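Each value in this text was obtained by applying a stated rule to the coordinates, not by laboratory testing. Here the structure is a predicted model, which means the values were calculated and not measured. Note that each Cβ is placed from the backbone with ideal geometry, even for glycine, and that neighbours are counted across all protein chains shown.
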């Protein structure tokens, strides 16, 4: 399997330019937050951008006639490790939610940081669903299907090539969420490594997409319910 010039350019964009820009910008300033469009437009525009990225990968893959199974378009390979890693992700995410429920100040600070990006009403949530599915599908196609496969190919001769193919995409993906703060970056990095492991072991994007969508949907629901609770108080 060979990668073409477009694959290399797209990989540089994802692996270098996006995380560097994210680290430079870090958290959004109050002025920038105030200039953001209504959340409905934000959800749809971000979701469409993610779909464009995934479609670029799929188009290049199709034109160069690379095998679809290498992108993760295949059934799940049965392996107990897939389910162990999946449970580990859900435990980490559930543990973070539980910690937020116990530590009210931590939870409130997280909500304050993310309220301009998260749905706070049911009307916002119904539009947020599009973004949740866009992120779950498209980010996994790009970061796991394409980037993990790309680095696996480039690092195949290295002694720990598999670990390189898991760690680098996880690091890049987590740094692209710098706007959420360093603690969130660490959590996302660990979960992303587990996503990479699931993808390589299962040979499929199915499990990682389902878990990713599930996490994003629950996060949106947390935003709505916490906002309603704060209003009641």
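With a cut-off of 8 Å between alpha carbons and a minimum separation of six or more residues, what is the relative contact order of the chain in percent? The partial results should precede the final answer.
On the way: 248 pairs, mean separation 81.1, N = 233.
Averaging sequence separation for qualifying contacts and normalising by length gives 35 percent for the chain.
Hey, in the GNM for the chain with a 10 angstrom Cα cutoff, which one of 175, 194, 90 fluctuates hardest? Checking each option, the largest mean-square fluctuation is seen for 90. Result for the chain in a Gaussian network model with C-alpha springs under 10 Å: among 162, 59, 149, the largest mean-square fluctuation is at 59. Across the alpha-carbon set of region 1-143, the Rg to Rh ratio works out to 1.02, Rh being the Kirkwood radius.
Measure nothing fancy, just the Cα-based angle from helix 39-63's long axis to the longest principal axis of the chain, in degrees from 0 to 90, nearest 10. With rounding to tens, the tilt is 0 degrees. Taking region 82-109 and a reference point 7 angstrom along Cα→Cβ of residue 210, the backbone N atoms nearer than 11 Å belong to 83. Subtracting the Cα-Cα distance of residue 122 and residue 167 from 0.36 nm times their residue separation leaves 12.5 nm of extension gain. On the beta carbon distance between residue 1 and residue 77, with R0 = 22 Å, the FRET formula returns roughly 0.75.
In which sequence would 140, 157 go, from the one with the fewest C-beta neighbours within 10 Å to the one with the most? Write down the numbers at each step before the final one.
Details: 140 25, 157 6.
The order, fewest Cβ neighbours first, is 157, 140.
Between residue 24 and residue 94, the FRET efficiency estimated from the beta carbon spacing at R0 = 45 angstrom works out to 0.85.
Could you work out the helix-only [θ] at 222 nm for the chain, with each DSSP H run of four or more residues adding -39,500 (n - 2.57) and the total divided by the number of residues, to the nearest 500 deg cm²/dmol? Spell out each step's value before the answer.
Numbers: 11 runs with 163 residues, N = 233.
So the calculated ellipticity at 222 nm is -23000 deg cm²/dmol.
A simple spin-label model places the labels of residue 63 and residue 155 2.8 nm from each other, with each point 7 Å out along Cα-to-Cβ. Annotation: extensible slack from residue 49 through residue 221 equals 59.6 nm (criterion: 0.36 nm per residue apart, minus Cα-Cα distance). For region 78-173, the Cα gyration tensor yields ellipsoid semi-axes of 32, 18, 14 Å (square root of five times each eigenvalue, largest first, whole Å). Between residue 129 and residue 36, the simple label model (points 7 Å from Cα in the Cβ direction) yields a spacing of 2.2 nm.
For the chain, modelled as a GNM whose springs connect Cα atoms under 10 angstrom apart, the maximal fluctuation among 111, 21, 178 occurs at 21.
Cβ crowding within 10 Å ranks 8, 127 as 8, 127, fewest other Cβ atoms first.
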